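Read through the structure below, which is laid out as structure tokens, and then see the notes.
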Amino acid sequence: MTLRKFALWTACLVFGSVLAIPAVDAGESIKVLFLTKSSGYEHSVIHRENGELGFAEKVMLDIAEENGLFVVPTKDAGLLHPKMLEAFDVVMFYTTGELDKPNQKDMSSAMNPANRQALLDWVKNGGAFVGSHTASDTFHQWVNEDGKKPYIDFVGGEFAWHHSQQKGVLSIVKDHPITSHLKSPWVIADEWYYFKNVSSTFTPLLTIDTKQMKEDHYKNQEPYPVTWIEEYGKGRIFSSALGHREDVWTNPDFQKMLVKGIKWAAKKL
């Protein structure tokens with residue numbers, strides 16, 4: 001498939017928003033499949049109205065070209081199969097729930113259960129995965145015979161709870177190109193997830209100062225990672241708990257971190 005045909009072909013992948021993808025040559029751009037399927041609660045930043053893309057999807061398209069990305073947003077989890085993965089450099093999730101279950105709200109197709117493992121294998125063999133905010137609130141029920149949760153182990157942590165949206169005081173805990181533009185502490189308002197079943201192999205980039213939070217449920221915890229990276233076989237994972245609010249998606253520091261996280265995962269940073 002030529003790059004020109006790739007661009008035209010991807011226009012047909014966007015569920016309900018064909019015209020949103022420009023029919024241009026993808027060139028050397030990093031090709032990102034941005035899945036925003038919700039099999040549970042749907043966040044406002046990915047909600048589509050009257051056939052228009054969600055807020056976060058529009059932001060990704062807005063920042064794509066100037067940053068060397070070619071983004072295809074979709075709510076169709078059925079697209080995640082081995083042949084489709086071969087056409088992309090990065091898979092990005094803003095998802096909730098069990099993606100192998102249908103969503104009656106948007107009528108998008110569910111992921112074939114066999115392709116859950118195909119995604120993990122694709123990353124292990126050199127693909128790139130980016131988790132945004134709710135990616136940790138996905139595939140809670142996927143449990144192996146040995147009692148382990150393959151996707152949770154893969155993404156780095158499992159959503160446990162959150163409280164009120166509030167300003168968080170974030171500290172840079174590792175010098176890394178992804179966060180090199182940030183000043184520590186970085187203060188930004190968002191909805192702050194707390195995690196269980198946290199991976200022991202990921203590398204934290206940002207932690208949140210729990211003592212600055214409003215509720216005791218946070219204050220009783222030690223500072224914990226909200227953004228991290230991981231080498232996964234031959235592939236890479238970048239994940240960040242930020243991204244609940246519209247003003248986070250328009251924040252230049254967040255956008256820059258997200259772009260660099262995508263590029264790092266794709267080994268292009």
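Just so it is clear, none of the values below were taken in a lab; they were calculated from the coordinates. Nothing here was measured: the structure is a model prediction, and the numbers come from that model. Positions of Cβ are backbone-derived with ideal geometry, glycine not excepted, and every protein chain shown enters the neighbour counts.
For the chain, the share of DSSP beta bridges that are antiparallel, to the nearest 5, is 55%. For Gly243, the residues 5 or more places off, or on other chains, whose built amide H falls under 5 Å of its own are Glu191. Computed over the range 34-107, relative contact order equals 52 percent, with contacts defined as Cα pairs under 8 Å that lie 6+ residues apart. Between Lys101 and Ser44, 0.36 nm times their residue separation minus their Cα-Cα distance comes to what? Contour length minus the Cα-Cα distance gives 18.5 nm. Shape call for the range 222-262 from the C-alpha gyration tensor, a ≥ b ≥ c root eigenvalues: rounded (a/c under 1.5), prolate (a/b greater than b/c) or oblate? Oblate, since a/c reaches 1.5 and b/c is not below a/b.
In the chain, a dipole from Cβ-located charges (positive for Lys and Arg, negative for Asp and Glu) runs towards its positive end, and of Phe88, Gly168, Thr207 it is Phe88 whose Cα lies farthest in that direction.
Site-free segments of the chain were taken between GluC sites (Glu not before Pro) in DSSP loops having at most 13 other Cβ atoms within 10 Å, sites themselves excluded; the longest one is 146-214.
Pairs exceeding 22 Å between alpha-carbon atoms, taken from Lys196/Lys268; Lys183/Lys211; Lys58/Lys167; Lys75/Lys101: Lys196/Lys268; Lys58/Lys167. With mean projected area of the Cα convex hull in nm² as the read-out, I listed [x] 13.5; [y] 15.2; [z] 20.3; which label goes with the value calculated from this structure? Here mean projected area of the Cα convex hull in nm² agrees with entry [x]. When a/c reaches 1.5 or more, the comparison of a/b and b/c decides; with that in mind, is the range 160-265 rounded, prolate or oblate per its Cα gyration tensor? Oblate. Along its principal axes, the range 73-204 has C-alpha extents of 42, 34, 33 angstrom, given from the largest down.
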